[in-house]
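Chemist: Right, I'll just put the structure down here and ask away after.
Each value in this text was obtained by applying a stated rule to the coordinates, not by laboratory testing. Quantities reported herein were computed from a predicted structural model and do not represent experimental measurements. Note that we place each Cβ from the backbone using ideal geometry, even for glycine, and neighbour counts take in every protein chain shown.
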Amino acid sequence: MKTLLIVTCATALAVAACGLEVSDTADTSLDSGGSVAVGGSPQGTRTSSPPRAAYRDVTIPAGTTLPLSLTSSIGSDTSAIEDLVTAELTRAVTSDGREVLPAGTRLTGSVTDVDDSGRLKGRAMVAFRFTSLRTGDEQYDVQTAPLSHTAPATKGEDATKIGIGAGAGAVIGGLLGGKEGAAKGAVVGGGAGTGVVLATKGKEVRLGPGASATTELTAPLTVRVRVS
C-alpha cells in the first residue's frame with residue numbers, strides 16, 4: 001500500500017513538473033526576438049513604416065507679384081461691399097528655383113468699394129482686395145494691394161449730346177424769331193441736350209470668371225513647403 005502511494009505521488013509530481021516546464025518555454029518564446037509575428041509575417045521580423053514627408057518654411061517677400069484669374073463675378077451695379085471675391089494663381093510663384101505657390105493656388109477676398117454709374121456723378125467703379133490664400137491643406141492670411149476697376153469716360157459722348165441739343169434749339173429759334181429767337185432757342189436747346197445726359201446712365205464695370213487681375217504682396221508671407 002505504501003509502495004502504491006509513493007508511485008502515485010511521484011507520478012503527480014512528474015506531471016506537474018512537465019507542465020511547468022512547457023509554460024516557461026512558451027513564455028520565453030514570446031519574449032525572444034522582441035516581436036510577435038503579425039498578419040502571417042515570420043516571427044522576429046519588423047515591418048518598416050514609410051518615411052515621413054519633410055517640410056521647411058519659406059518666406060515670400062513683400063512686392064512679389066501675384067498673377068490671377070478671377071473665379072467669381074463682380075460688377076459696379078451688382079456687387080456690394082464685403083461681397084466674396086475669389087481667384088487663382090495663373091502662374092507658380094518660385095523662390096530660389098523651387099516652386100513655393102503652385103499655379104491654381106486659391107485666393108479669397110472681398111469687395112471694398114463699389115459705385116454704379118449713376119447720373120452725372122462720375123464713372124462707375126468697383127474695388128476689391130484679397131486677404132487669404134490656400135495651398136494644399138494649409139490656409140494663410142495675406143496682405144495684398146487693393147485692385148480697382150473704373151468704367152471708361154463718357155464725357156465726349158455727353159458733350160456731343162449737349163451740343164446737338166443747343167444747335168437744334170438755335171435752328172428752331174432762328175426760324176421762329178431771327179437772332180433773338182435763335183439766342184433763346186440755343187438756351188432751350190442746351191437745356192434739352194443736358195436733360196438727355198441726366199437721364200442716361202454711363203457704362204458699368206463687370207468682371208466675370210476668367211478675367212485677369214494682378215496684385216502684389218504688401219507684407220512678407222511665410223508658407224510651409226514640402227521638400228521630400
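Chemist: At a 10 Å Cβ-Cβ cut-off, how would you order S79, S117, S148, fewest neighbours first?
Modeler: So the ranking, lowest neighbour count to highest, is S148, S117, S79.
Chemist: For T131, enumerate residues with amide H under 5 Å from its amide H, sequence gap 5+ or separate chain, H modeled in the peptide plane.
Modeler: Under 5 Å from the amide H of T131 lie the amide H atoms of T108, G109, S110, each far enough along the sequence or on another chain.
Chemist: Same structure again: List, in order, the whole-Hz ³J(HN,Hα) value for each residue of segment 55-71 obtained from phi through the Karplus relation with A = 6.51, B = -1.76, C = 1.60 and θ = phi - 60°; use x for Gly and Pro.
Modeler: My calculation for segment 55-71 gives 10, 9, 7, 10, 9, 8, x, 4, x, 5, 7, 10, x, 10, 10, 5, 10 Hz in order.
Chemist: Please list the non-local residues whose amide H lies under 5 Å from the amide H of V100, H modeled 1.01 Å from N, same-chain partners needing a gap of 5 or more.
Modeler: Answer set, sorted by chain and number: V93, T94, S95.
Chemist: How large is ³J(HN,Hα), in whole Hz, for each residue of segment 102-113 in order, when computed from phi with the Karplus curve 6.51 cos²θ - 1.76 cosθ + 1.60 and θ = phi - 60°, using x for Gly and Pro?
Modeler: Each residue of segment 102-113 in turn: x, 4, x, 4, 8, 10, 10, x, 8, 6, 9, 7 Hz.
Chemist: Rounded to whole Hz and in sequence order, give me ³J(HN,Hα) for segment 87-94 from the Karplus expression 6.51 cos²θ - 1.76 cosθ + 1.60, θ = phi - 60°, writing x for Gly and Pro.
Modeler: 7, 9, 5, 8, 9, 5, 9, 10
Chemist: Would you mind checking which residues have amide H under 5 Å from T105's amide H? H placed 1.01 Å from N; only 5 or more apart, or other chain.
Modeler: When sequence neighbours closer than 5 places are left aside, the close amide H contacts are L89.
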